[in-house]
Amino acid sequence: MRENMTIYLTMIRAAVLTRLEYRADFVMGIIGVFILNAGTLATSWVLLSRFQNLHGWTFWEIVFLYNMWLLGHGIRAVFFRHINMLEQFIVEGTFDQILTRPANPLVQFLGREVHYLGVGDVLLSVFMLVLAYHNLGLNWPWWMFGWLIVIALSSAVVEMAITLLLVSTSFLTTRSRALVNSASLFSWGVVQQYPVDMFGKLLRNIVTILLPFAFMNYYPSLVFLGKQDVVPWGFLTWYAPVVALILLFLAISMWNYGIKRYQSSGS
Amino acid sequence: MALIEVNHLRKEFKRIIPKTGFLSGIRNLWNTDTHTHVAVDDISFKVEEGELLGYIGPNGAGKSTSIKMLTGILVPTSGDVKIAGLTPWKDRRAHTQNIGVVFGQKTQLWWDIPVIESFRVLKTIYKIPDELYTKNLNQFRELLELDQFENTPVRQLSLGQRMRADLAAALLHDPKILFLDEPTIGVDVLAKERLRTFIKEINRTRGVTVLLTTHDMQDIEKLCHRMAIIDDGNILYDGSIDALKSKFGNERTLVIELDDAPYRLNLPGTRILREEGTRVWLAFNRDQFSASDIMMRVAEHHTIRDLTVEEPEIESIVREIYEGSHSGRKREDEHVPVLDLQ
Amino acid sequence: MSLFWIFSRQSFYQQSAYRLNFWLEIAGVMLQIYVVYKLWNVLFEQTPQSFGGVSLPQMITYAVLGMLIGSILNTGEGVHTYIQQQVRMGQITTDLMKPVDFIVHMMARDFGSMITRLVFLLVPPLAISYLLFDMVIPTSPLRIFGFVVALAQAWVILFFCNFMFGLISFKTLDLMGFSFTYFALVRFASGQIVPLWMYPDVLQPVLNFLPFKSVFYTPLAIYNGVLTSSSMWTALLTQTAWMIGLFVVARLIWGRIHNSLIVQGG
């Protein structure tokens, strides 16, 4: 464990040095991310300025929901954006190199890159969360701010683990992009900006059990907004970190199985 | 016991057969036909410690698949490999400490950061003690003149410099065995010579066993004591280069410079390859004639100003072996013999 | 003209090559349709009066078709990403050497991929949607005609928008930062997700001033019957005007870039 951490940190250092070579992307990345998210929020604003609330959620509550998602997503994007590109790592032979080295392949893969884009997400989401807190007139006890940090990290792990689990199928088919893209639709197409219980049981169960993206923002934000007693399954609001750990375990198991299959079937 | 022992190694892949013809794009949507492709059929060989083995074959012969099994990347369908007592794919992590790998086509260094930074990462990954790291680094600086470019990002290096950096990176942890896949590809003549000298040097001074794949026969001739030729997943030849030449290269070429050109003779047992100005190239079988026989018979009719005997080029011999194996396969069910001359 | 079909056919085959991707993409489209279906149902139940006389089936039709047209008229991938790739790899000159006008070549490629997506990604999910949901069917031949014309013109307009956007990469080599802006702008200003009549009044002049309204809103609103008779003809003519205007501007800009490329010798 300690050994893996040392290797990971050394690799992250190299990854940061790599990024510093491309400073211009930093500014463009942050501006781009701001505009992209502003566009989505603007659409929500248009809708809610006409309809006042969506299934009992006001505009600022939706803003809170959205930016909880964005915060977790941003953290995962900074450190783990490249897990979506496993397919490319395999096709280009970078993964074979990883296997010719004595360190844990997952540690080597995760430590390979860091990314600027997520930085914009994190900055924007923190700013918008503060704004939402203010506009909703919230007044949390002190420990809840600590819990928010725990949730931000667990959201990042939830998204990262689900993606890793799916992307590990690259080892079997070397074409996982479509699978990951379709699955992540449940994340940015459903969970991101809508309160999931408005979609009915089937879709709610999918994003709670099968692809539990709802633990990135929907369930955790219930307690922050004082809604845990008014919606079904509100008690799940406390379980996001547990879900994150279970997912991480499943993802690592799938990853290991994938490598085994890759080594015996090749590509 | 030999350092590397490969026994009846075999590797099959399953591939989907794409449909062609009418509406193929749509029919491929539910296509599940597969066929089994044998990349490596049945390969056995041994490598002793300190050997420098050239491993050659045309593209798609099974070279890189077998290297991938030897380096622990792939698990074979059947067969066994023991390298320094370990099975590469079972004891992968211990095994990787024993080997260094260089793929000429793709650097193993971090593309955008200075070479020395990549070395630092590798130092951590391979858990290289400080003392050894400093010692090795200093030695490579001297042998490969790394100091010229160790603070330059890899993407700005010339191909020759990049290969030097890659070689140093692969050797930092003192591996017993070095796998080199096309180490001189695309590199200019001078840089090639330098890389070869270095490979020879570390083989001699450190006793590193080298397994080298290449398309450049000069690499083989200048570096290797021994070569294995692989095609269609089987070894066609395994032995020393001299033995290969004497077995297959029994044709010699006599280059004669005449005072009274043009050449007018038609000697039995010789073949005119080329005439140019006052010079003529005569091919003959050296098992039937000696060079002096031919020289004397030419001298009966011509005035010879100068003459040399040319050795056959290894490249043409190898080409003959490939062609031989292909024509052999056309006669169905006939086994292509493995030629072992040791 | 035959070259146009060769390039289109090639593009069609490339797109239909990967089977798993296809089924997953269909599933993804169906999910998005379900999401907008649910969204508008919830909102209609809450406050039917906010829809200004538009019925729920009309609204669902708009939303479903908006999703589907969004998946064939694409801002994520298209002529702009192709140009950017070619410029970045330094291969744009090989495109210029082809014995066919560059814009025609690009249109052919784009047409091929659009038709592929239409056949594979629009028709099947639309059929399924009609089976599952209560949606309006345009019965009058005039409306169907209007829709087909509007869709064709929408494709041309978006093609030229994408094309000119792609030309930015000749200056910057990279589009990443800009593409987020472009993507967000098209999504917001085209009425693809929320119909433009629902936007606050302050935004209306701005929306009318941009070509994106013609890309999504016009065909959708003709299909579901919000734009009829005279307002339909006005919308179609506006599209045509945009089409011609964008074509002229694109030609001019491209002409200048092309010339400077020739002067530099590629």
Report task. At a Cα cut-off below 27 Å, give the lysines reachable from C:Lys213, other chains included and same-chain residues fewer than 8 away excluded. Result -> C:Lys38
Query - Förster radius 60 Å - calculated FRET efficiency between B:Glu257 and C:Asp95 (Cβ-Cβ, nearest 0.05) - result: 0.65
Query raised in the report: What's the average, rounded to a whole number, of partner chain beta-carbon atoms within 10 Å of each residue's beta-carbon in C:195-202?
Result: 2
Query - Candidates B:Val318, B:Val40, B:Val255, ranked by Gaussian network fluctuation over chain B, Cα under 10 Å, top entry - result: B:Val255
Requested in this report: For chain C, calculate the relative contact order in percent as a whole number, restricting contacts to Cα pairs under 8 Å that are 6 or more residues apart.
Outcome: 27
Report summary line: The orientation-averaged projected area of the Cα convex hull of the stretch B:4-245, in nm², is 15.8
Query - Angle in degrees between helix C:229-264 and the longest Cα principal axis of chain C, rounded to the nearest 10 - result: 20
Query - Extreme residue, positive dipole direction of the protein assembly as shown, given options B:Leu180, A:Trp60, A:Leu247 (C-beta unit charges) - result: A:Trp60
Report task. Give me the aspartates and glutamates in straight-line cross-link reach of A:Lys227: C-alpha distance below 18 Å, same-chain residues under 8 apart excluded. Result -> A:Glu61, A:Asp197
Report summary line: Among the DSSP H helices of chain B, those whose Cα atoms extend at least 15 Å along the helix axis and whose mean Kyte-Doolittle hydropathy is 0.5 or higher are B:115-125
Query raised in the report: Which order do A:Trp143, C:Trp233 fall in if you start with the one that has the fewest other Cβ atoms within 10 Å?
Result: A:Trp143, C:Trp233
Query raised in the report: Can you tell which of C:Val123, C:Val87, C:Val156 shows the greatest fluctuation in a Gaussian network model of chain C with Cα springs below 10 Å?
Result: C:Val123
Query raised in the report: Under the definition of Cα pairs under 8 Å and six or more residues apart, what whole-number percent is the relative contact order of chain B?
Result: 18
**Report entry** Inter-part distance where the stretch A:66-83 and the stretch A:87-153 are each reduced to a Cα centre, Å
**Finding:** 4
Report summary line: If one builds a Gaussian network model of chain C from Cα atoms under 10 Å apart, the most fluctuating residue listed among C:Leu24, C:Leu73, C:Leu246 is C:Leu24
**Report entry** Point-charge dipole on Cβ atoms (K/R +1, D/E -1) for chain B, about Cα centre, debye to 20
**Finding:** 1280
Requested in this report: Name the aspartates and glutamates eligible as straight-distance cross-link partners of B:Lys106: C-alpha to C-alpha under 12 Å, and not fewer than 8 places from it in the same chain.
Outcome: A:Glu92, A:Asp96, B:Asp166, B:Asp181, B:Glu182
Report summary line: Label model pair A:Leu202, B:Thr205: point-to-point distance (7 angstrom along the Cα→beta-carbon line) in nm is 7.2
**Report entry** Pairwise FRET efficiency - A:Ile209 versus C:Tyr130, Cβ, R0 = 35 Å, nearest 0.05
**Finding:** 0.70
Report task. Fewest Cβ neighbours within 10 Å first, please rank B:Glu142, A:Glu87, B:Glu12 accordingly. Result -> B:Glu142, B:Glu12, A:Glu87
Query raised in the report: Using r as the Cβ-Cβ distance of C:Val104 and B:Ala243, and R0 as 45 Å, what FRET efficiency do you calculate, to the nearest 0.05?
Result: 0.10
Report task. Kindly list the residues of the stretch B:204-230 that lie in the label zone of B:Glu142, defined by a backbone N under 16 Å from the point 7 Å along the Cα-to-C-beta vector. Result -> B:204-207
Report summary line: Helix A:59-80: inclination vs chain A longest Cα principal axis, degrees, rounded to 10, gives 10
Report task. Return one number: the angle in degrees, 0 to 90 and rounded to the nearest 10, between the long axis of the Cα atoms of helix C:79-89 and the longest principal axis of the Cα atoms of chain C. Result -> 30
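Please compute the average number of Cβ atoms from other chains found within 10 Å of each residue's Cβ in peptide A:39-52.
Averaged over the peptide's residues, the number is 5.
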**Report entry** Listed residues A:Phe89, C:Ser50, C:Asn259: farthest to the positive end of the dipole of the protein assembly as shown (Cβ charges)
**Finding:** C:Ser50
Report task. Diagonalise the Cα gyration tensor of chain A and give the resulting equivalent ellipsoid semi-axes, square root of 5 times each eigenvalue, largest first, whole Å. Result -> 33, 21, 17
Query - Counting all C-alpha pairs of chain C, share separated by more than 31 Å (%) - result: 29
Query raised in the report: In nm, to one decimal, how far is the modelled label at B:Asn266 from the one at B:His8, with both set 7 Å along Cα→Cβ?
Result: 5.6
Report summary line: Measuring from its Cα centre, chain A shows a charge dipole (+1 at each Lys and Arg Cβ, -1 at each Asp and Glu Cβ) which, in debye to the nearest 20, is 280
Report summary line: One quarter of the C-alpha convex hull surface, i.e. the mean projected area of the stretch B:250-309 in nm², amounts to 3.5
**Report entry** Simple Cβ-charge dipole of the stretch A:50-116, Lys/Arg +1 and Asp/Glu -1, about Cα centre, in debye nearest 20
**Finding:** 160
Query raised in the report: So for A:Phe51, A:Phe215, fewest C-beta neighbours within 10 Å to most, what's the order?
Result: A:Phe51, A:Phe215
Query - Net charge over other residues, Cβ less than 13 angstrom from the Cβ of A:Ile259 (K, R count +1; D, E count -1) - result: +3
Query raised in the report: Can you give me the Cα centroid spacing of the stretch C:109-168 and the stretch B:185-201 in angstrom?
Result: 59
Report summary line: Mean per-residue count of partner chain Cβ within 10 Å for C:184-191 equals 3
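Taken together, the values in this text are just the output of simple stated rules run on the coordinates, not laboratory data. Keep in mind the model is a prediction, meaning the values are calculated, not measured. Reconstructed Cβ throughout: ideal geometry from the backbone, glycine too, with neighbour counts over all protein chains shown.
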